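Down below is the structure, laid out as C-alpha cells.
The values are calculated or read from the model by the stated rules, or taken from the named source; none is laboratory data. No experiment lies behind these values; they were computed from the predicted model shown. Glycine also receives a Cβ, built like all others from the backbone with ideal geometry; neighbour counts cover every protein chain displayed.
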Amino acid sequence: MSTLNFAYTKHTEQVADLKKAHKVLVEYQFTPSLPQKGYNNRSLHINLSTMEISEKKISDQMKEIFIGGRGFGLWYLWQAIKPTTKWNDPENDIIISPGPVGGITQYPGSGKSLVVTLSPLTNIPIDSNVGGFFGPLMKFSGFDALEIQGKAKGDVIVVIDGVKGKVTIEEAPLEDVNSHIAAEQFTHEYAENEEDLRAVSVVASGKAAEHSLIGCLNFSWYDGRRKCTRLKQAGRGGIGTVFRDKHLKALVVHGPAVKSDLNHPDDIGRIAKAGVRLHKEIHDFDDIQCHMRRQGTAHLVEVMDAYDLLPVKNFQYGNHPETPKINSLVWDKAFTQGIPDGCWYGCSMSCSHGVDMFEPRTGPYKGHKVCVDGPEYETVAGVGSNCGIFNAHWIIECNFYCDTYGIDTISFGTLCAFVMECYERGILNKERTGGLELNWGNGEAQMELMHQIASGQGFGKIAGQGTYRMKRIFAEKGWGDFQFLEDIGLEGKGLEQSQYMSKESLAQQGGYYLTNKGPQHDEAWLIFMDMVNNQIPSFEDKAEALYYFPMFRTWFGLNGLCKLPWNDIEPGDNRVANTPMEAAKVPEHVQNYIDIFSGVTGRQITKDDIIKMSEAVYQFQRVFNLRMGKGTREFDRAPYRALGPATPEEYQSRAERYDKQVKEWFNCDPTSKTIAEKIELHREYREKRYQSLVDAVYKRRGWNKNGVPTMETLQRNHIDFPEVIAVVQKYL
C-alpha cells in the first residue's frame, strides 16, 4: 500500500537498477552469532568520519549495572561525548539496543529497541522506545547494540548482513530519503526472495529531519498480509535530526529467519507459561477493557474528553463538542480490521493499526495510495484536538507526512498548537507567517506548515526549531511578551509536552516536568490515580508514585519491552484482588516480567530487583544531565499552563471549579475578585504547591534540594564511578 506498492517479482528489475548504483566504501567481516541467555556480549561500532568499523566487548559489569537497551545507550553515549559536545558534533553517538529480553516471541510486546543520542532540542540525552524488526534482527545477527559516531561526507547507508557476516558502508544515490519509500526500496534490495522480506528491516528518517530539530526515525517491518513495509517511530527529541546530520540515509539489517528460541534463553518453558497467561487475558478481556486489537491507543480519545483531560487548543481546554468526529469509533472504521497488527512476532495485543490505501490531498504524494501507521492517541490529540482540528482526514494526512518526512508527531502537534494560539492572539499574523493563516482548525494551513518544515523554507524554518526556540525568537522580534510565551508554550528542558492535560493533577505535573529527558508520558502516567481516583492524596504519596512508576517503567527500556501489555490489559480480578495502589502496579504482570527476565537470562530476580536495576540507570541519567549542564532544579520548571489557568478564557471555561477552589483554598468570596485577581491567586498557590511536590520527590529519589543525587544514592546504586563522582561533587 506504499507509494511504490512493490510486489517482489514485479519490480526485480527496478530493484536491481537501484542496487547497481551502490558503491561500497568499506566492508567489515564478522562471525554471525546468536545470543546466549539474551546476550551476544558484543556491540558494533561504526565511525562515519573515519569509515572504521569495529566491535566492542560487553562486560559482565556493564550487563549487571546497565542491563541493555537504554542502559547500554546511555553508557556508550557517556563514553563518546564531552560536557561541551553539541548534538551536531561528530562525536555525538546514536545507539540502538534491543535489550536482553528483546526478540523473544512468546510474550507480547517483546520486539522493542531503544535509541539514545544527544538531543538537538534539549542537548541532554534522549531515549526513545520503538517497535519494528530492526533491533531483534540486529541482535540475531550477533550484536547487542549498534553505536554510530562521526559524520559522513555525503549520504551513505549502513548494511548489517547477519547471514553472510558482513557490514558495509555504501553510497546509495538513487533511493529516496523519505521513510515510506526508502523502507520499501531497501527491503526489496536486500531480501534474497519474497519469503526473505521479513528478514530485512530498515531505519530511515526523511527530508524534514534535515531542516528541523524535531526529526524522528522510522523502523520498518514487512507486513506479509498487506504486502508492504510498515513503520514504527523512535519519535522524541530529534533523533532523526541527528541521523540526517550524520548523512545517514538508512540503516539496513538482513538477519536470519526468526525462530522461537533464537535468544537461547535459560528456561524457555518459564517464558512460555508467562506468555500463555497474558495471551489468554488479551483474548478474554481486551474487548471489554481497552480495545487495543481494534483501536490501539486511539481508544483513549473519548475517555480523556469525558474527564476533561483531552488537550484542546494548546492545552487551554480539556474537552470539545466535536470530539466524536475523531473518537475511537472513527478510528475503528478507518483501521483495517481482521489483520493481526503486531509489530513483532507473537504480539497478540496487535495494536499497530494502519489506515490502508489512504490518499493524501497535499504535498509530493498527493493522490498516491499509502499505508499510514496509526494514528495513535498522542497523534490524534496532538495534531488534532490540540490544534482545534476535528477532521479525521487531516489527522491521518498529518500523521503520514510526519512519518515519511521524519517528524515527531508529539512535538509537531504541541508546537503547532502553540503557533496557532499565537496567531489567534495576534502575536503572529499573515505577514509574520509568510501568508499562512494558522487559525484553530485549519488543517490545510497545518499541512502547508508541515511541507515548509520539510523543505526548510518560509515560516516552517522557524517552527521546525521547536517551541523553546520559537518563544525566544518571537520575543526577540518584539512579537509578544516573553513571560506570556513562557506560560503558554508547553515544553520542559526544550522538549514539547505530550498530550494530556495536567492542570488538575499535581502528580502528572511531576510526571511530566520531573522527568530526566523532558515532559514525556513514558515515565509516569498518574492522572487517574491522582485526579480521578484520589489514590495518592499527600505529597508523600505522590512522591512515592513518582519514584516507583518512573523506575518501573525504565525497566521496559532496559529490556526491549513495550509498556502496553503491562497495564493496558489486566487480569479480570486485578481490581478486586488488590488494593488500589497495588492494582495500579498490576502484580500478576510484574510476576510475568520476573519470569521472562529470569527465564531469558538465568539471573533470578524479584520485584524489588526490577526497581533496583532501573534506579541505577535512572540515577546515572540524572548525573548525565548534570554533566551536560542541565540537571538541577531550575531545569525541572514547568510552564504555568501545565499547572493552572493562564488566561481569562481558560478560567471562564471552568469557572465553577476554579471559583470553588478560590473559596476553599483561600477562604475568599470569589465574587469579590476580578478574573485577573483570581488567576493570580491560583498561580501563586499552584506554583508553590508544585515546588512542594518537587521537594518531596527529590527527597524520595535521594537527591538534594537542588535535584542532585547524593553520594549515598550513587553508592547504593553502584554507580559511584570516579567520573560520576567528579560530576556530582561540582554541585554538592
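What to note about this one:
- Counted residues, the range 82-98 - those being of a type outside the set (Phe, Trp, Tyr) and either in contact with a Ser or Thr (Cβ under 8 Å, 6 or more places away or on another chain) or assigned by TED's automatic domain parsing to the domain that holds residue 631 (or both): 9
- Just one of the listed residues (107, 76) is part of a loop (DSSP other than H, G, I, E, B) and over 20 Å from residue 215 (Cβ atoms), and it is 107.
- So residue 99, is it part of a loop (DSSP other than H, G, I, E, B), crowded, with 24+ Cβ neighbours inside 10 Å and under 16 Å from the mean Cα position of the chain (by Cα): no
- Count of residues meeting criterion [touching a strand residue (DSSP E or B) at 6+ places or on another chain (Cβ under 9 Å), over 16 Å from residue 542 (Cβ atoms) and among the charged types (D, E, K, R)] in the range 665-712: 0
- Selection of the range 278-327 for residues being among the aromatic types (Phe, Trp, Tyr) and not in a loop (DSSP other than H, G, I, E, B) yields 285, 317.
- Residue within the range 466-482 that is touching a residue at least 60 places away in the same chain (Cβ under 8 Å) and buried (at least 24 other Cβ atoms within 10 Å of the Cβ) present: yes
- Selected residue (criterion: nearest to the chain's Cα centre (by Cα)) from residues of the range 637-649 that are surrounded by fewer than 21 Cβ atoms within 10 Å (Cβ to Cβ) and touching a residue at least 40 places away in the same chain (Cβ under 8 Å): 637
Let's see how each residue does on (1) out of contact with any strand residue (DSSP E or B) (no Cβ under 7 Å at 6 or more places or on another chain); (2) at pLDDT below 95; (3) surrounded by 24 or more Cβ atoms within 10 Å (Cβ to Cβ); (4) hydroxyl-bearing (Ser, Thr, Tyr):
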site: 81; (1), (2), (3), (4): no, no, no, no
site: 84; (1), (2), (3), (4): yes, no, no, yes
site: 94; (1), (2), (3), (4): no, no, yes, no
site: 117; (1), (2), (3), (4): no, no, yes, yes
site: 122; (1), (2), (3), (4): no, no, yes, yes
site: 132; (1), (2), (3), (4): no, no, yes, no
site: 137; (1), (2), (3), (4): no, no, yes, no
site: 151; (1), (2), (3), (4): yes, no, no, no
site: 162; (1), (2), (3), (4): no, no, no, no
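- Test: residue in the range 341-363 that is out of contact with any helix residue (DSSP H, G or I) (no Cβ under 7 Å at 6 or more places or on another chain), aliphatic (A, V, I, L, M) and closer than 28 Å to residue 449 by Cβ: yes
- For the range 136-154, the tally of residues that are closer than 25 Å to residue 18 by Cβ and either aromatic (Phe, Trp, Tyr) or out of contact with any helix residue (DSSP H, G or I) (no Cβ under 9 Å at 6 or more places or on another chain) (or both) stands at 5.
- Answer from 245, 176, 223, 261 - the residue that is closer than 23 Å to residue 31 by Cβ and of a type in the set (D, E, K, R): 261
- Single residue of the range 349-392 satisfying the filter (of a type in the set (A, V, I, L, M, F, W, C) and part of a strand (DSSP E or B)) that is nearest to residue 131 (Cα to Cα): 372
- Selection of the range 611-664 for residues being charged (D, E, K, R) and touching a strand residue (DSSP E or B) at 6+ places or on another chain (Cβ under 8 Å) yields 622, 636, 637, 650.
- The range 279-303 - residue that is within 29 Å of residue 643 (Cα to Cα) and in contact with a helix residue (DSSP H, G or I) (Cβ under 7 Å, 6 or more places away or on another chain) and, of those, surrounded by the most Cβ atoms within 10 Å (Cβ to Cβ): 298
- Test for residue 512: is it in contact with a strand residue (DSSP E or B) (Cβ under 7 Å, 6 or more places away or on another chain), under 29 Å from residue 300 (Cα atoms) and either of a type in the set (Gly, Ala, Ser) or surrounded by 19 or more Cβ atoms within 10 Å (Cβ to Cβ) (or both): yes
- Residue pairs whose Cβ atoms lie under 9 Å apart, separated by 6 or more positions or on different chains, with the first residue in the range 218-241 and at positive phi and the second of a type in the set (Val, Ile, Thr) and assigned to a helix (DSSP H, G or I), do not occur.
- For the range 18-69, the tally of residues that are assigned to a strand (DSSP E or B) and among the aromatic types (Phe, Trp, Tyr) stands at 2.
- Leading residue by the ranking (nearest to the chain's Cα centre (by Cα)) among those in the range 308-343 that are among the hydrophobic types (A, V, I, L, M, F, W, C) and modelled with pLDDT under 95: 343
Yes or no, residue by residue, for (1) β-branched (Val, Ile, Thr); (2) at positive phi:
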| position | (1), (2) |
| --- | --- |
| 640 | no, no |
| 658 | no, no |
| 667 | no, yes |
| 672 | no, no |
| 679 | yes, no |
| 693 | no, no |
| 697 | yes, no |
| 712 | no, no |
| 719 | yes, no |
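- Close contacts from the range 20-34, counting a first residue that is at pLDDT 95 or above and a second that is of a type in the set (Phe, Trp, Tyr), with Cβ to Cβ under 8 Å and a gap of 6+ residues or different chains, come to 34/140.
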